[in-house]
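The values are calculated or read from the model by the stated rules, or taken from the named source; none is laboratory data. What you see is a predicted model, and the numbers here were worked out from it, not measured in a lab. Using ideal geometry, Cβ is built from the backbone for each residue, glycine included, and neighbour counts are taken over all protein chains shown. Surface areas here come from the heavy atoms of the whole protein model, side chains and all, with no ligands, DNA or RNA. Shrake-Rupley method; radii C 1.70, N 1.55, O 1.52, S 1.80 Å.
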Amino acid sequence: MNSQFSRDAIRKTCQLAPIVPVLVVHDVAHARPLAQALVDGGLPALEVTLRTPAALEVIAEMAAVPGAVVGAGTVLTAEDIRAVQAAGAQFAVSPGATDALLTACETVQMPLLPGAASASEAMVLLERGYDVLKLFPAEAAGGVTMLKSLGGPLPQVSFCPTGGVNPTNAPDYLKLDNVICAGGSWVAPQDAMEAGDWKRIEKLACDASGIGS
Ligand code: 3PG
């Protein structure tokens, strides 16, 4: 069962800003300036996806940036949970949920934002104590219309839609009562990272941090 500590922690993390950047970082040297730009732009909660060989080191580096609340994304297995906790991740995000993954998070008290893409998936997670869920893949699963529909029977669930969210549709998501924040990769474009254009990323973060207010 998900603990009250983990439940409170993931809710608080999701309340830090309207957008959680979804980060794919290939170069460890980018970790600190990237985290700094995002924090300076007003986005302190960061999801570092485990999609590059550098990801665990990136998490460790970003965790040293004051104000950054660094989590791991694309977490799929119990081994991933142990590795990201050792690297210093404060929360984890998964595209879906398995019993093994949930048990691993509960064993080590790792706050988890688990993915769900249907009412049944949300209900299974709710039964186990998870009431803040990632709707993934948000746009493909049904987007704003789907979330409105889920809000009727499942008003106690808060969602972080992720996957296809962009600056144009983000305001519509964030207007919904059952949306706590949204995830998106657009605030950290690969070309800006490669060019070391941290000012551009800070500006994108600043714009994103104002969405919905
Ligand atoms: C992902 O899987 O990379 C996330 O869902 C982010 O999706 P996005 O690139 O559409 O923001």
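When Thr98, Thr145 are compared by accessible surface with a 1.4 Å probe, the order from highest to lowest is Thr145, Thr98. Computed with every protein chain present, the accessible area of Glu194 is close to 140 Å² [probe 1.4 Å].
The residues Asp172, Asp99, sorted by heavy-atom accessible surface at 1.4 Å with ligands and nucleic acids left out, run Asp99, Asp172 from largest to smallest. Based on C-alpha pairs under 8 angstrom that are at least 6 apart in sequence, the chain has a relative contact order of 24 percent. With R₀ fixed at 45 Å, the C-beta to C-beta distance from Arg32 to Thr98 puts the FRET efficiency at about 0.85. A crude spin-label estimate for the pair Glu121 and Trp186, with each label 7 Å from Cα along the Cβ direction, gives 2.3 nm. Using the Cα coordinates of segment 36-85, the gyration tensor eigenvalues translate into equivalent-ellipsoid semi-axes of 21, 10, 9 Å, sorted from longest to shortest. With a simple spin-label model that places each label point 7 Å from the Cα along the Cα-to-Cβ direction, the separation between Arg51 and Lys148 comes to 2.9 nm.
Roughly to the nearest percent, how much of the accessible area of the chain is carbon and sulfur, given a 1.4 Å probe? Answer for the chain: carbon and sulfur cover 56 percent of the accessible area. The number of Lys pairs in the chain with C-alpha atoms less than 19 Å apart, excluding pairs fewer than 8 positions apart on the same chain, is 5.
In plain terms, the chain from Asp177 to Lys203 could stretch by 6.6 nm, reckoned as 0.36 nm per residue minus the Cα-Cα distance.
In this label model, Thr168 and Ser213 are separated by 2.5 nm, measuring between points 7 Å along each Cα→Cβ vector. Here, the chain has an Rg and a Dmax of 15.9, 47 Å when only alpha carbons are counted. Each 10 Å bin from zero up to the one holding the largest Cα-Cα distance in segment 93-180 carries the following percent of pairs: 18, 53, 24, 5.
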